[in-house]
Structure formats: C-alpha cells, structure tokens
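Following: one structure in structure tokens, then a few remarks.
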Amino acid sequence: MPTEPQVLISEVGPRDGLQSVQATMPTAYKLAWIDALHAAGLREIEVGSFVPARLLPQMADVAEVVRHSTALPGLAVMALVPNRRGAEAALAAGVNKLTLPVSASEAHSLANVRRTRAQMVDEVRSIVALRDERAPQVRVEAGVSTAFGCTIQGKVSEDDVARLAAALAEAGADEVGLSDTTGMANPAQVRRLFGRVRAEIGGRTGAAHLHNTRGLGLANCLAAYDVGVRTFDSSQGGLGGCPYAPGASGNVVTEDLVFMFESMGVATGIDLERLLHARRVLQAGLPGEPIYGMTAEAGLGKGFVYADGRQPRGGEGTASATGNEA
C-alpha cells in the first residue's frame, strides 16, 4: 500500500507559471495539463487568478478552469485573489481555497497593489468575512510576499515579517505562508524566519513558496522542512517566479522537489513517471517555451525507489526519457 504523504506539494504552475509567460495556453491544454498533474498524484493545485482579463489575458478562462478542476476527485482547487472583488468571483466559481499575497515590504506593496501593508491586512479581514458568509468550508491562505528581501527597498525586517504574519492570522487567515518573491533567501534565513513565524502563530504557519533564482531553491526547501514546514509550493518545469539570473528559473521545479523528498524517504504521494508525462503535456500547450529541471534531463537513476519502497514502473534505473526539454 502506498505510504500516506508526509509533505504536501502544492502545484502553482497553472497560475504563477502561466501568468509569467507571454503566450496564452489554450484552455483545452490547461485542462489536459491539470488532469495530468492530478493523475500524477498532485492533490493541491493553484489553477489560476481572478484578475481582470485586460491585465492578465492568460487568466481570462479561470472560472472555466476552476469548474473543470473541482470535478477531479480529492483535489483542492486554489486560486489567487488580489482583492474582495476577485474573492467574490472565485467563490462563485467554486474554489476550495483562496490565496492572497500580502507584501512584507511597504515599498513593494505600494508599487504592486497601491496599498499599504495595513490596508492589505484589512482586505484579508474583509475577504475572510465574505468567506464566512458565503462559503465557510473554503480555506483562506495569506502568503507573505517579499518575506526574504525586496528588489525595491532591499532588506526586509524579520520583525516586520513576524508582525505581519501575526496580523494576518488575527485577521482570520487559516494559513500564513512565506514567499521568497525575489529569490534572495538562503537556508539559514529560511530556518530562522519560519521559526519566528511559527513562534508567533503556531499551527497556522503555512506553505514555503521558494524560488530558485540564485540556485538555492531546493536547499531552502530542505531548510524549511527541517524546522517543521510540510507544505511546499512549486511549479512544473520551474515556470514563473523571478528569473533575474540568466538561464535560471524562478519557482522551485516540482519534478526536482518530488525527487529530493522521495529520495530522502519522505513520501509525497506523487508518481514521478506520471509527473514527467504531465511535463510533456505542458510543453505541448506552450511549444517553444523554455522549461527547467534536472530530474527530467537526468532521469530517476539506477536504484531509485520511492519512499514507500515502490520501484518505477519502467524498472530499476529507468531514465524516464523526455527528449530535449529544457
């Protein structure tokens, strides 16, 4: 029998990834990609964001994508909402979880959403009240963005991050995660800051949303795991994020993250061979778009076994060949 997952891998590619590329993936390919991710064992997927289509035409079909995704058994369907209007549309579409970005950097918050941190906390409180009234079963997650540094103001105070996390929990967020929006985090900082947030809000401490901009994505995920984090955002093929370094991806690559945990004996509930098939579905929907990841190139390796002792269906040492993908 498969081992119960010990970590939750939350796939953000259909939102964070697709809104970061210029091309718009046709709806039929989006649905096929989400189906393939679900078939691989992903049980939480951020399928889009409820923002005006004129701002993000890649997300114009988000309500249709949500309706399709909520029919998949056992899948928690998430959507990003920047404000109450977006939350109203997301709840009407039937999402299982709302995610709201709230910047720890005052400069970034003003530049990005033209609101202060305090105003964004009030917005979260309003959205929680809306959720309680219309769909109390829906969870609300607040993601503290620029928690590890900001390209506008530079260093972000860890005291500010801890205080903001506490304010968001007090405002009613079910989970408060930390996001390395600009790829500035290092493992020591990740351990320290997640530890401080857990001391402030305990079990409401949520996901680690970490980037690989400077090559530290997996190291930072492991650091977060070491201090008790059990939910990790990642994106298939590393789509999305802030790839400021030439040739570097933004988000942590889902395939590599799953391989790391399974190799360590930490069960994810995800089938890597099926995940690599989902990668091919992604490529078919975004032909020519560069995607990243080492596991897809190198294969699973001779002797690889899953955390529960299963061997890949292709046999010991399967290469899971995927062609020239990155």
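Derivation of every value follows stated rules applied to the coordinates shown; laboratory data play no part. It should be emphasised that the depicted structure is a prediction, and the values quoted were computed from it without experimental measurement. All Cβ positions, glycine included, derive from the backbone under ideal geometry; neighbour counts span all protein chains shown.
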- Item | Over the chain: helical MRE at 222 nm, DSSP H runs n ≥ 4 each giving -39500 (n - 2.57), nearest 500 | -11500 deg cm²/dmol
- Query: So which trypsin sites (Lys or Arg not before Pro) in segment 89-169 pass both tests, a DSSP loop state and at most 14 other Cβ atoms within 10 Å of the Cβ?
  - Reply: Arg114, Lys155
- Message: Quick check: the angle from helix 272-285's long axis to the longest principal axis of the chain, C-alpha only, nearest 10 degrees?
- Response: 70
- Give the percent of DSSP beta bridges with both residues in segment 8-298 that are antiparallel, rounded to the nearest 5. 5
- Message: Please compute the Kirkwood hydrodynamic radius over the chain, one decimal place, Å, based on all pairs of different Cα atoms.
- Response: 19.7
- List the equivalent ellipsoid semi-axes of segment 28-108 in whole Å, largest first, each obtained as the square root of 5λ for an eigenvalue λ of the Cα gyration tensor. 23, 14, 12
- Query: Relative to the present Cα-Cα distance, how much length would full extension add between Asp159 and Asn186 at 0.36 nm per residue of separation?
  - Reply: 8.0 nm
- Quick one: grab Rg to one decimal and Dmax as a whole number for segment 150-266, Cα atoms only, in Å. 14.0, 41
